[in-house]
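Report on one structure; see the data block that follows.
The values are calculated or read from the model by the stated rules, or taken from the named source; none is laboratory data. Given the structure is predicted, the values throughout are model-derived calculations rather than measurements. Every residue, glycine among them, receives a Cβ derived from its backbone with ideal geometry; neighbour counts consider all protein chains shown.
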Amino acid sequence: MSQTRLPRILTAALMLAALGVAWLSPVPEVRVLFVGTGHPDIAADKPRMQSGIVVDVGDERWLFDAGAGVVARMFDHKRPPHTLTHIFLSHLHYDHCLDLDAVLLLWRTGGPVPAPGQRPAPRPLTLFGPDGTEKMLVDLYDAAYGVDGRGRVLLKMPSFKRVRIRDAGVFEGKGYKVSFREVKHANMDCWAVKLETATKTLVFSGDLGGPNNLRAADNADFSEWAKGAEMLIIDTLHIPPEELAKIAAQVKPKTMVFSHLTERQLPIFKHYDLEKTLALCSKEAGKVVVAVEGLELKL
Ligand SMILES: [Zn+2]
């Protein structure tokens, strides 16, 4: 055998072995549960909590966003915070992170009752946050909640890891991977997230649009990145129906789920028209779904 062929044969054998391992590892099931489907203005007669989605992938559990009211809904639907393994915060508008401190406290205390003299030993948790997340946590736990120093303990726990999304690259989970894409929204650091198994792709847009970015073209990069997702969970609040339809036409998701919904017409979102959005997007997506809290979807 020639010496030039040997490395090629070895490379091919290694690739086949890697493929074999990939085929043999079970593909984790992905389940999506909506725990917050509204926005900052919670209507008194039809309350929707702020932004929050629990995503189960195999035996790992993600929370995408932690707006006000999300913690209570997590308990309502049997996903208490201590069962989380990962949190993704799309951005730091408070309707996406007001319940973060409650989630973290309940993650720390909510597991098995510790033995006398022992501290709770929660499941390791990693928080992926936009720029400013660490400062927000320090401001909260060192200053606002720093009266007796308990908050500082939480921030120093080795089982609570923080990752700046901008530096995160691709996260490799058990049988899945998670990647992030910067999106344009209200001139702040804002991210979309994509979770992929060997067979399925879920994309959550975070917030798109805002005062200066109401056109789909402003987030064309996002649409290209999300193309072909089985499920696209989209911000319905900030972008007009015609522009949402352009995103649907480019992504062509099997299921398009509309969240970040409002139950009353507000002057700042005068373009909002859910019925028109559904009518236009149903021509482009396989199926359109309006999110409600407690709705559970399997990919
Ligand atoms: Zn926002």
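One table, with the values for the structure above:
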{"quantity": "Candidate set: the range 156-181, residues that are touching a Lys or Arg at 6+ places or on another chain (Cβ under 9 Å) and under 24 Å from Y141 (Cα atoms); chosen: the one nearest to the ligand (Cβ to nearest atom)", "calculated": "F160"}
{"quantity": "Residues located in the range 174-192, provided they are at pLDDT 95 or above, assigned to a loop (DSSP other than H, G, I, E, B) and out of contact with any Ser or Thr (no Cβ under 8 Å at 6 or more places or on another chain)", "calculated": "D189"}
{"quantity": "In the range 76-113, the residues that are part of a helix (DSSP H, G or I), more than 16 Å from the ligand (Cβ to nearest atom) and not basic (K, R)", "calculated": "D76, P81, H82, T83, D101, A102, V103, L104, L105, L106, W107, T109"}
{"quantity": "K276 being part of a helix (DSSP H, G or I) and surrounded by fewer than 18 Cβ atoms within 10 Å (Cβ to Cβ)", "calculated": "yes"}
{"quantity": "Evaluation of H77 against (1) at pLDDT 95 or above; (2) surrounded by 17 or more Cβ atoms within 10 Å (Cβ to Cβ); (3) not acidic (D, E) (one fails), failing number", "calculated": "(2)"}
{"quantity": "Residue in the range 33-50 that is more than 15 Å from the chain's Cα centre (by Cα), of a type in the set (A, V, I, L, M) and part of a helix (DSSP H, G or I) present", "calculated": "no"}
{"quantity": "Single condition A198 does not satisfy, out of (1) within 15 Å of the chain's Cα centre (by Cα); (2) more than 12 Å from the ligand (Cβ to nearest atom); (3) assigned to a loop (DSSP other than H, G, I, E, B); (4) not polar (S, T, N, Q)", "calculated": "(1)"}
{"quantity": "Qualifying residue in the range 240-260 (condition: within 16 Å of the ligand (Cβ to nearest atom) and touching a Gly at 6+ places or on another chain (Cβ under 9 Å))", "calculated": "yes"}
{"quantity": "Residue that is surrounded by the most Cβ atoms within 10 Å (Cβ to Cβ), among those in the range 99-155 that are closer than 22 Å to V193 by Cβ and small (G, A, S)", "calculated": "G129"}
{"quantity": "Lone unmet requirement of (1) more than 16 Å from the ligand (Cβ to nearest atom); (2) charged (D, E, K, R); (3) under 22 Å from I239 (Cβ atoms) for K184", "calculated": "(1)"}
{"quantity": "Residues located in the range 125-150, provided they are over 25 Å from the mean Cα position of the chain (by Cα) and either under 16 Å from D189 (Cα atoms) or assigned to a helix (DSSP H, G or I) (or both)", "calculated": "D142, A143, A144, G146, V147, D148, R150"}
{"quantity": "Identity of the residue in the range 201-220, closer than 18 Å to S51 by Cα and within 16 Å of the ligand (Cβ to nearest atom), that ends up farthest from the chain's Cα centre (by Cα)", "calculated": "G210"}
{"quantity": "Those residues of the range 51-68 which are more than 13 Å from the chain's Cα centre (by Cα) and either in a loop (DSSP other than H, G, I, E, B) or not charged (D, E, K, R) (or both), in sequence order", "calculated": "G58, D59, A68"}
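Quick grid of which residues meet (1) modelled with pLDDT of 95 or more; (2) of a type in the set (G, A, S); (3) part of a helix (DSSP H, G or I); (4) surrounded by fewer than 21 Cβ atoms within 10 Å (Cβ to Cβ):
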residue: L202; (1), (2), (3), (4): yes, no, no, no
residue: G206; (1), (2), (3), (4): yes, yes, no, no
residue: P211; (1), (2), (3), (4): no, no, no, yes
residue: N219; (1), (2), (3), (4): no, no, yes, no
residue: E224; (1), (2), (3), (4): yes, no, yes, yes
residue: H238; (1), (2), (3), (4): no, no, no, no
residue: L244; (1), (2), (3), (4): yes, no, yes, no
residue: I247; (1), (2), (3), (4): yes, no, yes, no
